[in-house]
Amino acid sequence: MDILDLFQKGGPAMWPLAVLSILALSVILERLWFWLRILNQEKEIVNRVLDAAQENWDIAADIARQATDQPIGRFLYAPLRLLKVDLETFRLALEATAEDELAGMRRGEKLLEAVIALSPLLGLLGTVLGLIHSLRSIRIGDLGTESTAGVTTGIGESLISTAAGLIVAIFSLVFYRLFQGFLVNQVKVFRKAGNDLELLYRQSPPEFSKSTAIVQEASRDTFNSPRKQAKNSFPKSSEQPNVNDSLDPE
């Protein structure tokens, strides 16, 4: 018995089950590709940014900016791209970006939850409809005779939809739990990377390199286009220059 034959004998409930299985498979493949790219690169990005931050915050910001195609890169770049940074602003930028990135990592989660919940119910509905159709043809006088053989066969075929619904739900649940585990691990990675970056900021904040920032800002004002010069010429709120003005947000 091939798959097409099973599909036809499963009844009308097999069609919505087929749609749900296609949706679940598309989400699973997209999420697998997403997590594969993240898990292969994020450790290297974190190490490069933290190592650079120990020597020069400008270099660390540039490395993080180049990695903004990854969630961890956008997370680390959020506080480094600000023009004026204090400790509270630094922490708020990390927390806000972490919430946004973790929310984006949950994409497709609701669809998988719906497939896991609906697939067994649709399979059970197909079985009930098949039983109703089979039992309707039974007559009292035919009980115990060979004429009931077709009825028992129909009852067995009606269970195909239940089996199909369970298979779709189990398959989706396995990958749903796998993605949940990846997400929990990402929370730990973000927390550790954010704490390490904040600790480096406390130990050697960018203000320690003010003279370098002044030279870099003057150099940009000399060679940048008039549009960028206008963008970098905001008035300072205090007499002392802020080193974070040297972090080009672009």
(request) Considering each of GLY104, GLY108 in turn, give the residue that is buried (at least 19 other Cβ atoms within 10 Å of the Cβ) and of a type outside the set (Ser, Thr, Tyr). (result) GLY108
(message) Given the criterion closer than 16 Å to VAL189 by Cα and without any contact (Cβ under 8 Å) to a residue 12 or more places away in the chain, identify the matching residue among ALA64, ALA98, ALA103.
(response) ALA103
(request) Scan segment 63-92 for residues that are under 17 Å from GLU198 (Cβ atoms) and of a type in the set (Ser, Thr, Tyr) and jot them down. (result) TYR77, THR89
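Scan GLU30, GLU88 and give me the residue that is exposed (fewer than 13 other Cβ atoms within 10 Å of the Cβ) and touching a residue at least 60 places away in the same chain (Cβ under 8 Å). Steps first, answer last, please.
On the way: GLU88 fails: touching a residue at least 60 places away in the same chain (Cβ under 8 Å).
So the residue among GLU30, GLU88 that is exposed (fewer than 13 other Cβ atoms within 10 Å of the Cβ) and touching a residue at least 60 places away in the same chain (Cβ under 8 Å) is GLU30.
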(message) For segment 1-96, give me every one of the helices (runs of 4 or more DSSP H) that falls completely inside it and has 3 or more residues that are aromatic (Phe, Trp, Tyr).
(response) 14-53
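Would you call SER21 among the hydroxyl-bearing types (Ser, Thr, Tyr) and surrounded by fewer than 15 Cβ atoms within 10 Å (Cβ to Cβ)?
So SER21 does not fit the description; no.
Residue-by-condition table, conditions (1) in contact with a helix residue (DSSP H, G or I) (Cβ under 7 Å, 6 or more places away or on another chain); (2) outside any helix (DSSP H, G or I); (3) at pLDDT 95 or above; (4) among the β-branched types (Val, Ile, Thr):
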position: VAL151; (1), (2), (3), (4): yes, no, no, yes
position: GLU157; (1), (2), (3), (4): yes, no, no, no
position: ILE160; (1), (2), (3), (4): yes, no, no, yes
position: ALA164; (1), (2), (3), (4): yes, no, no, no
position: PHE182; (1), (2), (3), (4): yes, no, yes, no
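The values are calculated or read from the model by the stated rules, or taken from the named source; none is laboratory data. Computed from a prediction, not measured in an experiment: that's the story for all the values here. When we count neighbours, we look across all protein chains shown, and the Cβ atoms used for this are built from the backbone with ideal geometry, even at glycine.
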